[in-house]
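**Student:** Below: one structure in structure tokens.
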Amino acid sequence: MKRISKLWLALPLLLAAVPVFAQGNSASLRADGYYKDLFMDGGCSLNSYPDLPAADWLGLTMEQLSTAERLKMTSLDTLMQNYLLVGNPLDENGALLYPDGAPRFKVVYVNGGKALGHTKSLTAEGRERFRTHLKNGGSYVGTCAGAFMVAQGSVRDTGYVPRPDYLCTYPGWVVGTGLEKSATGMTVEPGSPLLRYYDFGGDMQIDSVRHNGGCYAYMEENVPEGTEVLLRYIGDTLKLKKSIHQKVSAWAWKENVQTGRIVAIGSHPERMVEGDRLELMAALIRYAMDGCGTPRLKGMLHNGETREMIRTTGDNDPDYTCIGDRQYHHFAVDVPKGVKEIKVELAAPAKWTDRFDLWLFADGQDFAFRDNARWKNAHHGTDKAFTIPVDKPGRYYISVFCATTVDTVDTFYGVQYTGRTDVLNGVPYLLTVTW
């Protein structure tokens, strides 16, 4: 009761500032268009941990959702979870997404626990937040329950058992192993993309990976095109009713170049702190991060036409929606023959001027990021401009970056957002190109 009473005392503060339960180093100013690297979901019916060793080892920035122990869940846990993930007045789209639905974190990691209990607790709206994260380019790692959650359902002796309350983001199926409170070895599939990161001692095996009621990918039929086999169980000495030996213990799937990558494993490498098992969890995260979707254009700019980026989440018009913290919005303009220079101007509606820091970038070769842009203006405030000399006609790339972000404060359950929480619902701006 001590924990719950503290949470109740904290509830007024929760309703005053968006709670984000975090562990690990705070993010420096990012150059890649994501707020942070990793969000760890330890929500209702899932295991909650204070850290993720592989993320710390990799030096990733991370935030997390923590709740009470699975057997001691209360309505307050669900309230806290869905206030954060589904949305609230200060952050209408939830912590996982920017106002336009783009992924705010590179990767969402989902812990083990009870898959169906967690996805039901998220509600349909919360499950849609996860799907949008993936569809718009964010990646996903799931261990045990997190692997179950992405599937369409389970395959049992009686046949297919659909689970419409799962996330259903991987179009394949899984099978429960029936193995609890144990461990298995795993073989690395020849050619596995995980070998890009580590050689796991050079013997293509990983010993003693914790397993508790997990699953494997069903590969007998209806296997989604593009499914990648990463690892297989070593289970030839296990006395199970149905052997799991050489069944696919870890797999990955990515729908297309603009969506994120799903990486799933039926076991529990997430608490490992050394050796091959630590490298295994790190490799899963790295492969997911490398599978984030490619940048997308918000649209084409035209001579003398002002692009008004003033919509909000509720308008359901992402191509014209405000920008979020540490996010890029990308545009392009096709410059015709005979033009000697173009002027790019960034402004904000009058009441927003100088309340936020928006940076302006341009490049003549590729999407314009802080680290590669040929033309840059990072002066304080929103209003800025520069002139681009046109060497040859063709396409030029323009981007806007929101440098303003929230602060974080340590609390009993991690950290919560403070400071510039007004950035969470987005910053409006106007963008014009003229020649």
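**Student:** What strands (runs of 3 or more DSSP E) lie completely within region 354-414 and have 2 or more residues being in contact with an Asp or Glu (Cβ under 8 Å, 6 or more places away or on another chain), assigned by TED's automatic domain parsing to the domain that holds LEU301 and modelled with pLDDT of 95 or more? Walk me through how you get there before you give the answer.
**Tutor:** Working: elements: 358-363, 375-377, 384-389, 394-402, 407-411.
In region 354-414, the matching strands (runs of 3 or more DSSP E) lie at 384-389, 394-402.
**Student:** Just a yes or no: is a residue in region 346-358 in contact (Cβ under 8 Å) with a residue 60 or more places away in the chain, among the aliphatic types (A, V, I, L, M) and surrounded by fewer than 20 Cβ atoms within 10 Å (Cβ to Cβ)?
**Tutor:** Within region 346-358, one or more residues are in contact (Cβ under 8 Å) with a residue 60 or more places away in the chain, among the aliphatic types (A, V, I, L, M) and surrounded by fewer than 20 Cβ atoms within 10 Å (Cβ to Cβ).
**Student:** Just to verify a result, which residue in region 292-335, among those that are in a loop (DSSP other than H, G, I, E, B) and among the hydrophobic types (A, V, I, L, M, F, W, C), is surrounded by the fewest Cβ atoms within 10 Å (Cβ to Cβ)?
**Tutor:** Step by step, filter region 292-335, then rank; the result is ILE310.
**Student:** Next up: Taking the options THR158, THR187, name whichever one is modelled with pLDDT under 95, surrounded by fewer than 19 Cβ atoms within 10 Å (Cβ to Cβ) and not aliphatic (A, V, I, L, M).
**Tutor:** Numbers: THR187 fails: modelled with pLDDT under 95.
Checking each option against the conditions leaves just THR158.
**Student:** Among the listed residues ARG104, ARG129, identify the single one that is among the charged types (D, E, K, R) and surrounded by fewer than 24 Cβ atoms within 10 Å (Cβ to Cβ).
**Tutor:** Working: ARG104 fails: surrounded by fewer than 24 Cβ atoms within 10 Å (Cβ to Cβ).
None of the other options fit; the residue is ARG129.
**Student:** For region 121-213, list the strands (runs of 3 or more DSSP E) that sit wholly inside it and hold at least 3 residues that are under 14 Å from ILE262 (Cα atoms) and touching a residue at least 40 places away in the same chain (Cβ under 8 Å); which are they?
**Tutor:** On the way: elements: 139-143, 153-156, 159-162, 174-176, 182-188, 205-211.
Strands (runs of 3 or more DSSP E) meeting the threshold: 139-143.
**Student:** Just to be sure, is THR119 surrounded by 16 or more Cβ atoms within 10 Å (Cβ to Cβ), of a type in the set (S, T, N, Q) and assigned by TED's automatic domain parsing to the domain that holds TYR35? If you could, list the steps in order and put the result at the bottom.
**Tutor:** On the way: surrounded by 16 or more Cβ atoms within 10 Å (Cβ to Cβ): yes; of a type in the set (S, T, N, Q): yes; assigned by TED's automatic domain parsing to the domain that holds TYR35: yes.
Taking the combined requirement at face value, the residue satisfies it.
The values are calculated or read from the model by the stated rules, or taken from the named source; none is laboratory data. This one's a predicted model, so the numbers in the text were calculated from it and none came from an experiment. Note: ideal-geometry Cβ built from the backbone for every residue, glycine included; neighbour counts use all protein chains shown.
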